[in-house]
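> Provided herewith is a single structure, encoded as structure tokens, for subsequent inquiry.
The values are calculated or read from the model by the stated rules, or taken from the named source; none is laboratory data. All values derive from a computational prediction rather than experimental measurement. Here the Cβ positions follow ideal geometry from the backbone for every residue, glycine too, while neighbour counts run over all protein chains shown. Ligands, DNA and RNA are excluded from the accessible area calculation, which covers all protein heavy atoms including side chains. Shrake-Rupley method; radii C 1.70, N 1.55, O 1.52, S 1.80 Å.
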Amino acid sequence: MLRNTLIKAAKESGKLMKEYSTRQFTIDSKDSINNLVTEVDHASEKLIIGIIREQFPDHYILTEESGDLPKNSNTKWIIDPIDGTVNFANGIPICCVSIAVEQDGEVIMGVVYNPFINEFFYAEKGKGAFLNDGPIQVSSKKSVSNSCLVTGFPYKYSEGQGMLETFSSFIKQGIPIRRLGSAAIDLCWVACGRFDGYYEFFLNPWDSAAGFLIVQEAGGRVTDFQGNAYSPYQEKIIATNGLIHDELVGWINNTK
Ligand code: IPD
Ligand code: CA
Ligand code: CA
């Protein structure tokens, strides 16, 4: 039932994003001028919460736009109704809905759905990771110097102290590094082997929780900048194919 509800919520929300994208919608700024929220973020979030509440009225919910909706439950849904809102608001088809289920403090299911290119990533703890029902796995690159990397930047420069030094260190070495604008998609693209590594200096739980499990179940590794085990509540995240992990952790710590 958890799985069905998770999949239904993501599919319905993706459908809604696609419908809204063909018409006009309102766009507002949040705490900084480039931190946008559209009426679609709110509509998507409302739809997802409604679908969850129908089946599980007593579960805890944490979402980007509504914050904590606490309940005395060991199950928490962690929701980003649109990850990549700046892309979405500009008609760039690199955005998604991201929903994770945390049980007893552990992420056990996650989905990341980009309806614009029809990519539905799903993972369940201990059961593997999938893209549109086909199993996925991380890449087999063994060193940072021949890797293809991806990163993201926070809305406020002050939240990413050191990020430009780190970013430029890869550019100086001629290492390809991309910035797509959706942390959840960045993580999923590590999971399916398009990227070998990803890092970001400032994330929220809803950006990383589902993508974390998808990377882990695809055979990759996700930690904080010290190499400690992942938690959705860490701001600094490194995700890799596992093989380049220690090297990337060292690289970031030596340049930031
Ligand atoms: C943002 C995106 C972006 C990342 C930012 C996030 P939003 O989420 O994931 O790639 O660099 O840190 O805040 O605002 O589009 O949901
Ligand atoms: Ca986000
Ligand atoms: Ca968002």
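> To check you understand DSSP bridge types, tell me what percent of the beta bridges within the chain (both residues inside) are antiparallel, rounded to 5.
Details: 39 of 48 bridges.
Given both bridge residues lie in the chain, the antiparallel proportion sits at roughly 80 percent.
> Run the accessible area of region 179-256 with a 1.4 Å probe and give the carbon-and-sulfur part as a rounded percent. Can you show the working numbers first?
Numbers: 1080 of 2390 Å².
Of all accessible area on region 179-256, carbon and sulfur atoms account for 45 percent.
> What length, rounded to one decimal in nm, is gained on full extension from Asp104 through to Asn204, with 0.36 nm per residue of separation minus their alpha-carbon distance? The partial results should precede the final answer.
Numbers: separation 100, 0.36 × 100 = 36.00 nm, distance 1.91 nm.
34.1 nm is the gain from fully extending Asp104 to Asn204.
> Please state the shape class of region 82-230: rounded when a/c is under 1.5, otherwise prolate if a/b exceeds b/c and oblate if not, all from the C-alpha gyration tensor. Working shown, then result.
Numbers: a/c = 1.41, a/b = 1.26, b/c = 1.12.
It is rounded, given that a/c, with a ≥ b ≥ c, falls under 1.5.
> Now for a different question. Mind checking which lysines have their Cα closer than 26 Å to the Cα of Lys156? Skip sequence neighbours fewer than 8 apart in that chain.
The qualifying lysines are Lys30, Lys172, Lys236, Lys256.
> Give me D for the chain in µm² s⁻¹, whole number, from Stokes-Einstein with Rh from the Kirkwood sum over alpha-carbon pairs, 25 °C and 0.890 mPa s.
Translational diffusion coefficient: 135 µm²/s.
> From the square roots a ≥ b ≥ c of the eigenvalues of the alpha-carbon gyration tensor of region 144-255, which class results: rounded (a/c under 1.5), prolate (a/b over b/c), or oblate?
On the way: a/c = 1.41, a/b = 1.10, b/c = 1.28.
In terms of gyration-tensor shape, rounded.
> Hey, rough spin-label estimate for Lys30 and Asn253, points 7 angstrom out along Cα→Cβ, what's it come to in nanometres?
Label at Lys30, label at Asn253, 3.1 nm between them.
> Further, regarding this structure: In region 2-135, what percent of the accessible surface is made up of carbon and sulfur (1.4 Å probe, ligands and nucleic acids excluded)? Mind dumping the intermediate values first?
Details: 2920 of 6120 Å².
Carbon with sulfur: 48 percent of the solvent-accessible area.
> Another question about this same structure. Could you list the GluC sites (Glu not before Pro) in region 7-42 that lie in coil according to DSSP, counting only those with at most 15 other Cβ atoms within 10 Å of their Cβ?
Working: sites: Glu12, Glu19, Glu39; in loops: none.
Filter output for region 7-42: empty list.
> Rounded to the nearest 10 degrees, what's the angle between the helix 205-217 long axis and the longest principal axis of the chain, both from Cα atoms, 0 to 90?
70
> Write out the trypsin sites (Lys or Arg not before Pro) in region 87-175 meeting two conditions: DSSP loop, and at most 16 other Cβ atoms within 10 Å of their Cβ.
Working: sites: Lys125, Lys127, Lys141, Lys142, Lys156, Lys172; in loops: Lys125, Lys127, Lys141, Lys142, Lys156.
Those that pass, being in a loop and sparsely packed, are Lys125, Lys127, Lys142, Lys156.
> Which one of Gly126, Gly160, Gly14 has the biggest mean-square fluctuation once the chain is modelled by GNM with Cα springs under 10 Å?
Gly126
> Just the accessible area per residue of the chain, please: how many Å² with a 1.4 Å probe?
Working: 11020 Å² over 256 residues.
Per-residue accessible area for the chain comes out at 43 Å².
> With a ≥ b ≥ c taken as the square roots of the eigenvalues of the C-alpha gyration tensor of region 2-135, please select rounded if a/c is under 1.5 and otherwise prolate if a/b is larger than b/c or oblate if it is not? Intermediate results must be reported in sequence, preceding the final value.
Numbers: a/c = 1.93, a/b = 1.30, b/c = 1.48.
Taking the square roots of the gyration eigenvalues as a ≥ b ≥ c, region 2-135 is oblate.
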